[in-house]
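Since the structure comes first, as structure tokens, the remarks are kept for the end.
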Amino acid sequence: MDALLLSRIQFAANISFHILFPTITIALAWLLLYFKIRYNRSGDTYWQEAYLFWVKIFALSFALGVVSGITMSFQFGTNWPGFMEAVGNIAGPLLAYEVLTAFFLEATFLGIMLFGANRVSNRIHTLATVLVAVGTSMSAFWILVLNSWMQTPAGFEMIDGVAHATDWIAIIFNPSMPYRLVHMMIASGLTAAFLMAGISAWQWRIGQKTPAVMAALKTGVTTAAVLIPVQILVGDFHGLNTLEHQPAKIAAMEGVWETTEGAPLVLFALPDAATQTNQFSLEIPKLASLILTHSLDGTVQGIDAFPDAHPPVAPVFWAFRIMVGTGVLMLLVAWWAWWHLRKHESPNLWVSGALVLMTFSGWVATLSGWYVSEIGRQPFLVTGVLRTADAVSTVSAGAVRGSLTLYLGLYVFLLAAYIATIYYLARRGAKAPEPVIPNPLPHQPLRG
């Protein structure tokens, strides 16, 4: 493999590891705020216990997200200098906005969330939780603005091969940004909800049948049951937006090699790039045209319409199906668990087992969706503006291979440690904080 492919794999490995943690923290911060509000209104200590346990998971996820994000940013200089040279006038300010308006907010007030329950007033502790939740969402906003602009660039002009901003409103609210932002925020909600439901179900199965565990379990299940049908609807709108602005990506997702009227929906196939055909294809006639154009005879552009500017079909095709399949499974499990918990006070072994198996399903759906988005943009880093091959550094393939090996080894270790720590904390559970007793005045001996 040459340096270009190795650099792409290395960046993919970095971003795949990094994205696991923001997808948890973005929504988990709001679930923590929900726990805090329920405790403030009801006075029931089990809401506080749930908060104290899950804020530890939040802090752990936040720490790994920060570290992996810094490592990923280094690669703009080491592996992809052409990216910042060409579009740094736009990418640089957007990344700076994320740090200034979001990261500092999260990092500052997380300490109060984690250690301040007995050291500040309840009002200040609640305010800290609000600010961290707002900070995580603002961070997601700016990162998705940049990523969306790379997918559907707008509001700029190229001068001597360098992008210059002409309209920051158009840059920020580029054509795909609203769809990507909503899609990603809901994906984060589902990831955090299934993590919470799965860990709580595991705690219940090992004997921690406490009100705090049940409160978290029901919160996770209800959140997932509400969000997954909304995500399916939003995904459809997102797909239509992609069809308008990135039709080559849609052609790869659907496995359409030739521009077709009344294109079939390919349920299963083995895409063959050499022959540009689908082997062992299982199809539903005309359904792809109906979904994408709302007409049975609508025209769907194929890969042949983009002879020198289309993504690799097989990885996009399969990643899309993994994402959709995981989403359908999420829908079935969430609704089944929600229906069961409405009729019973606690889950049975079947429901709890299903939730445990789905603990990290949000990661599967998010990663596969991210691969659809990012691989589907190839061969461009910025669609129609900057090709990936034009941005890679001159670092040798051997150097990239060596650092890639180190990254992969470290990420496997950190991921295993992260999951092990979560289950260690879950086994320990959470307890309400002990009241702080002020130190008495120094004892003064009696005189006389």
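The values are calculated or read from the model by the stated rules, or taken from the named source; none is laboratory data. Keep in mind it's a predicted model, so treat the numbers as computed, not measured. Don't worry about glycine lacking a Cβ; one is built from the backbone with ideal geometry, like all the others, and counts go over all protein chains shown.
Structure summary
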| item | result |
| --- | --- |
| Filtered residues of the stretch 376-393 (kept if surrounded by fewer than 21 Cβ atoms within 10 Å (Cβ to Cβ), outside any loop (DSSP other than H, G, I, E, B) and either in contact (Cβ under 8 Å) with a residue 12 or more places away in the chain or among the hydrophobic types (A, V, I, L, M, F, W, C) (or both)) | Thr388, Ala389, Asp390 |
| Meets criteria (modelled with pLDDT of 95 or more, within 22 Å of Phe17 (Cα to Cα) and out of contact with any Lys or Arg (no Cβ under 6 Å at 6 or more places or on another chain)) for Val392 | no |
| Where a residue in the stretch 216-235 is in contact (Cβ under 8 Å) with a residue 60 or more places away in the chain and surrounded by fewer than 21 Cβ atoms within 10 Å (Cβ to Cβ) and its partner, wherever it lies, is part of a helix (DSSP H, G or I) and not polar (S, T, N, Q), with Cβ under 6 Å and at least six apart | Lys218/Leu341 |
| Scope the stretch 96-115; condition acidic (Asp, Glu) and more than 11 Å from Phe62 (Cβ to Cβ); matching residues | Glu98 |
| Counted residues, the stretch 244-282 - those being in contact with a strand residue (DSSP E or B) (Cβ under 8 Å, 6 or more places away or on another chain) and within 15 Å of Ala305 (Cβ to Cβ) | 10 |
| Any hit, the stretch 123-144, residues being farther than 30 Å from Arg41 by Cβ, out of contact with any Pro (no Cβ under 9 Å at 6 or more places or on another chain) and crowded, with 18+ Cβ neighbours inside 10 Å | yes |
| When residues of the stretch 1-50 are limited to those that are hydroxyl-bearing (Ser, Thr, Tyr) and without any contact (Cβ under 8 Å) to a residue 24 or more places away in the chain, the one farthest from Ala399 (Cα to Cα) | Ser42 |
| Helices (runs of 4 or more DSSP H) enclosed by the stretch 148-261 - at least 1 residues per element that are farther than 27 Å from Arg377 by Cα and touching a helix residue (DSSP H, G or I) at 6+ places or on another chain (Cβ under 8 Å) | 177-205, 211-245 |
| Wholly within the stretch 273-367, helices (runs of 4 or more DSSP H) carrying at least 1 residues that are charged (D, E, K, R) and surrounded by fewer than 19 Cβ atoms within 10 Å (Cβ to Cβ) | 313-343 |
| Answer residue from the stretch 65-82, given it is out of contact with any helix residue (DSSP H, G or I) (no Cβ under 6 Å at 6 or more places or on another chain) and not polar (S, T, N, Q) and is surrounded by the most Cβ atoms within 10 Å (Cβ to Cβ) among those | Trp80 |
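Quick grid of which residues meet (1) farther than 25 Å from Ser368 by Cβ; (2) among the polar types (S, T, N, Q); (3) touching a strand residue (DSSP E or B) at 6+ places or on another chain (Cβ under 9 Å); (4) at pLDDT 95 or above:
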position: Ala96; (1), (2), (3), (4): yes, no, no, no
position: Leu100; (1), (2), (3), (4): yes, no, no, no
position: Phe104; (1), (2), (3), (4): yes, no, no, no
position: Ile112; (1), (2), (3), (4): yes, no, no, no
position: Ala140; (1), (2), (3), (4): no, no, no, no
position: Ala193; (1), (2), (3), (4): no, no, no, yes
